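Every number in this text was worked out from the coordinates using simple rules, so none of it is lab data. A quick note: this is a predicted structure, and the numbers were derived from the prediction, not measured. A quick note on method: Cβ atoms are made from the backbone with ideal geometry, for glycine too, and the neighbour counts reach across all protein chains shown.
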Amino acid sequence: MRFNSVIDRLTKKHWSRTEIDAMVGDAIEGYLTYATSADVRAGAASGGTTSALLIHALEIGAIDGAIVCCTRIVDGAVRAEFSLARTREEILAARGSKYVETRFMRDVLEILRLNEGRFAVCGLPCDISALHRWGQKEPELSAKVVYKIAFLCGHNSRTALIDGVIAKLAAESGGEDLTAYTFRSGHWRGRLSAEFNNGVIVEKPFSYFSDYRNLNFFSERKCMACSDHFGYAADLSIGDVWLYSLRDDPIKHSGVLVRTPTAQELVQSASAAGVIDAQAVGREYILDGQSRVAPTHYNVSARVKAGEKLGIRIKDTVFERITPLKFLSAYLVMWNMRFSEKEHAHWIFRLPRPLIKLYLYIKKGLETVH
């Protein structure tokens, strides 16, 4: 643990107040948290904080339900959709990250229009921002949303990525149809799990999927123009804290940014009730836990410049400084995204895993030093 803390100190980036304000956005407080119930943490992708807060809000009557993202197996493929959870069991059934494209506005607006009550809505930063803008057009829908919860996000992936990974897993199972899938659970990076209709369960390190994702293969194109890593329009922003000092802790933690007084009341209530463990840490700590990917995600300007070389037009929204290393990092991201849109993209899954790993280390190295 002490050695890991030394690594954190040696690798820590020094942020200016301007950088923190730009990347993280306004926040009342930052917290390092986890759900105190082992049952809630079980099956969660991180510390179970989101599930614990939603259950607490439901039990104290602050909400009548939560709009959450769930995965479904449709014709042997993993697909994601939003549904309304009204019970503890339904909230727990939605645990875990879903790294696949959704139709957030289509699903969520329909749920809000068809149901009366007060709800929490969970989504990616771009989803929550879109909901916030829509709420200005339809105040009656906005009035139904008590809490907007955003999950920290570097980018999202098209269904082609999960379809390719499932095809590889199916080959190991004997080629049977998929019946259940979990993107990530367990400690630190976690593991994925796929179950097939012949009863075979294939488990892999999460990196079996995330290595392709972290290289931006099969990324949604809209993500290239996004600078919002931390969910500016949310009441609560929640995500992983990738600090080495936390790696050996037996309980994985979640970082929480509280952006509104209403959200602060919920976090304090849940903490006082013993539902979550919450240690105040501030915005910079949360940024430290995302120090490699957050600046890369924010720097749309570098992707604009790289896109010009690749025939991809993106609107610059941040006008950040572009160094040669930032440009090279952005160029790799844009090239990988574009290549995986082409007809020969299936060759990506035929590349040797060590080669994929090496390529990823190069990309991560660029993101770390620039």
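Extent of the chain along its three principal axes (Cα atoms, max minus min coordinate, largest first): 55, 51, 50 Å.
Taking Cα centre as origin and charging only the Cβ of basic (Lys, Arg, +1) and acidic (Asp, Glu, -1) residues, the dipole magnitude of segment 197-282 rounds to 280 debye. By the scheme Lys and Arg +1, Asp and Glu -1, what is the net charge of all other residues having a beta-carbon under 13 Å from that of Arg283? Residues near Arg283 contribute -4 overall. For the chain, the relative contact order works out to 22 percent when only alpha carbon pairs closer than 8 Å and six or more residues apart are counted. One decimal place: the segment Glu341-Lys137 gains 70.0 nm when fully extended, by the rule 0.36 nm per residue minus the C-alpha distance. Dipole check for the chain: with +1 at the C-beta of Lys and Arg, -1 at the C-beta of Asp and Glu, and the Cα centre as origin, the magnitude is about 1360 Debye.
Neighbours of Asn197, meaning other residues whose beta-carbon lies under 12 angstrom from its beta-carbon, give a summed charge of -3 when Lys and Arg score +1 and Asp and Glu score -1. Backbone geometry of segment 25-33 corresponds, through the Karplus equation with coefficients 6.51, -1.76 and 1.60 at θ = phi - 60°, to 3J(HN,Hα) couplings of x, 5, 7, 6, 7, x, 9, 9, 9 Hz, x marking Gly and Pro.
Quick one: order Leu32, Leu114, Leu257 by neighbouring beta-carbon count within 10 Å, fewest to most.
Ordered from fewest to most neighbouring Cβ atoms within 10 Å, Leu32, Leu114, Leu257 come out as Leu114, Leu32, Leu257.
Working note: Debye formula, equal point scatterers on the alpha-carbon atoms of segment 8-88, no solvent; log10 I(q)/I(0) at q = 0.11, 0.13, 0.17, 0.27 Å⁻¹ is -0.52, -0.69, -0.94, -1.25. Around Ser329, with a cut-off of 11 angstrom between Cβ atoms, what is the net charge of the other residues, counting Lys and Arg +1 and Asp and Glu -1? Result for the neighbourhood of Ser329: +4. Only lysines eight or more places from Lys137 in sequence, or on another chain, were considered; those with a Cα closer than 18 Å are Lys148. Among the listed pairs Lys222/Lys364; Lys252/Lys357; Lys309/Lys342; Lys98/Lys357; Lys168/Lys357, those whose Cα-Cα separation exceeds 20 Å are Lys222/Lys364; Lys252/Lys357; Lys98/Lys357. Here the Gaussian network model covers the chain, with springs between Cα atoms less than 10 Å apart; of Phe349, Phe230, Phe183, Phe349 fluctuates the most.
Using every pair of separate Cα atoms, the Kirkwood estimate puts the hydrodynamic radius of segment 96-188 at 15.6 angstrom.
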